[in-house]
Amino acid sequence: MGRKQNAISGIMCASFCLAQRDYLAYINHFNMEDMTLNLPIREIRPRSYTIGNDSDVKHLQKQVEITVDIMHKNIQLGLNRAENLDDLEKRSSKMEEETNHMAHINRRLHRNYCWKNAQTWIIAISVVTIIIGIIM
């Protein structure tokens, strides 16, 4: 139990020391008068190689050309898709109009056939009634 407690207290002490160090670094760069934080600026070091080589420039130009070609293709595909969507929208609206027309024709035919069916039943019942009237 003593070893674990010492290890835990050592970890806590180390984390406290790191936190205290960070806090002190923060305090050292904090200006209390204008309430700003002035952190030191890191020095930017040049890379170990230069891009000025002709082969590097040509390689970058080739990559830019490839990217431009891909973007042109993507734009063209987008325009083609928009045209296809417009065509599809026109076709669907035409189909909707035809569907409405067919529904109207269907309702009219249904009414006509219902009336013809009713007339047939009226005539059949009348004939049966006349025959029964004659027999009786």
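Answer yes if at least one residue in the range 103-114 is open to solvent by less than 80 Å² (accessible area, probe 1.4 Å), among the small types (Gly, Ala, Ser) and at pLDDT 80 or above, and no otherwise.
Yes, the range 103-114 has at least one match.
Read through the list (1) open to solvent by 100 Å² or more (accessible area, probe 1.4 Å); (2) modelled with pLDDT under 90, then give the number of the only condition that Asn74 fails.
Condition not satisfied by Asn74: (1).
So which pairs qualify, if the first residue must be in the range 57-86 and assigned to a helix (DSSP H, G or I), the second must be open to solvent by less than 90 Å² (accessible area, probe 1.4 Å) and of a type in the set (Asp, Glu), the Cβ gap must be under 6 Å, and the two must be at least 6 apart or on different chains?
none
Give just the number: which of (1) open to solvent by less than 90 Å² (accessible area, probe 1.4 Å); (2) at pLDDT below 90; (3) among the hydrophobic types (A, V, I, L, M, F, W, C) does Ala124 not satisfy?
(2)
The values are calculated or read from the model by the stated rules, or taken from the named source; none is laboratory data. These numbers were taken from a predicted model, which means no experiment stands behind them. Quick reminder, even Gly has a Cβ in these numbers, built from the backbone with ideal geometry, and neighbours come from all protein chains shown. We work out accessible area using only protein heavy atoms, side chains counted, and drop any ligands, DNA or RNA first. Shrake-Rupley method; radii C 1.70, N 1.55, O 1.52, S 1.80 Å.
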